[in-house]
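Single-structure report; data block below.
The values are calculated or read from the model by the stated rules, or taken from the named source; none is laboratory data. Everything numeric in this text was worked out from a predicted model, so none of it was measured. Note that each Cβ is placed from the backbone with ideal geometry, even for glycine, and that neighbours are counted across all protein chains shown. For the accessible areas, the whole protein counts, side chains as well, though only heavy atoms, and no ligand, DNA or RNA atoms are used. Shrake-Rupley method; radii C 1.70, N 1.55, O 1.52, S 1.80 Å.
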Amino acid sequence: MPMPDNHYLLIVDDDATFTRILGRAMTRRGYQVLTAGNASEALDLCRQHSPRRAVVDLKLESESGLHLLPQLIRINPKLEVLILTGYSSISTAVEAIKLGALNYLCKPASVEDILATFDTDASPETTGISEGPPSVERLEWEHIQRVLAENDGNISATARRLGMHRRTLQRKLQKRPVKQ
């Protein structure tokens, strides 16, 4: 894969271990890695170094990668952003792309998967379509994520709209999404 002129790669994730491991792997592949654990650090690094590429976690400690995404792109319109998450849903994937993300990958994603996302010369791979309909649990997860996105991540407002107790919603959100 050809390396861009600007070798800076910004990694924004509140998981220090993941950031360190991914950063080392990307450094071995020729990138100058910048790491941020929160949105304000990410914005400062973006202003200072104008990275060409960024890997942004969807769920930061108390912030959302979806709220950070347009701010990063305003600072650097040529920035290629990959949203990476352990809590995937169709609604957040669609929202990320609408906000300007290059792509959206679910954790765990290999370094090769991440690099392939940035490789614009690569032909798009075909993804298998599930034979059957999604499970009820998966549909519930998707619906919760859509309503949460409509409420800008506000748990209390989302719980009211869904007609459930706030703590019940928080427990559901802490679980990993159900596979198809």
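Values for this structure:
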| quantity | calculated |
| --- | --- |
| Computed magnitude of the charge dipole of the chain (debye, nearest 20; Cβ of K, R +1, Cβ of D, E -1) | 540 |
| Alpha-carbon Rg/Rh ratio, for region 1-107, with Rh computed the Kirkwood way | 0.93 |
| Most fluctuating residue given options Thr117, Thr17, Thr158, as computed from a GNM of the chain linking Cα atoms under 10 Å | Thr17 |
| Long-range amide H partners of Leu34 with built H, under 5 Å | Leu9, Leu10, Ile11 |
| Within the accessible area of region 7-55 (1.4 Å probe), percent carbon and sulfur | 47 |
| Cα point-scatterer Debye curve for the chain, base-10 log of I(q)/I(0) at q = 0.08, 0.12, 0.18 Å⁻¹ | -0.27, -0.59, -1.21 |
| Ordering of 7-16, 25-34 by burial proxy (mean other Cβ atoms within 10 Å per residue, highest first) | 7-16, 25-34 |
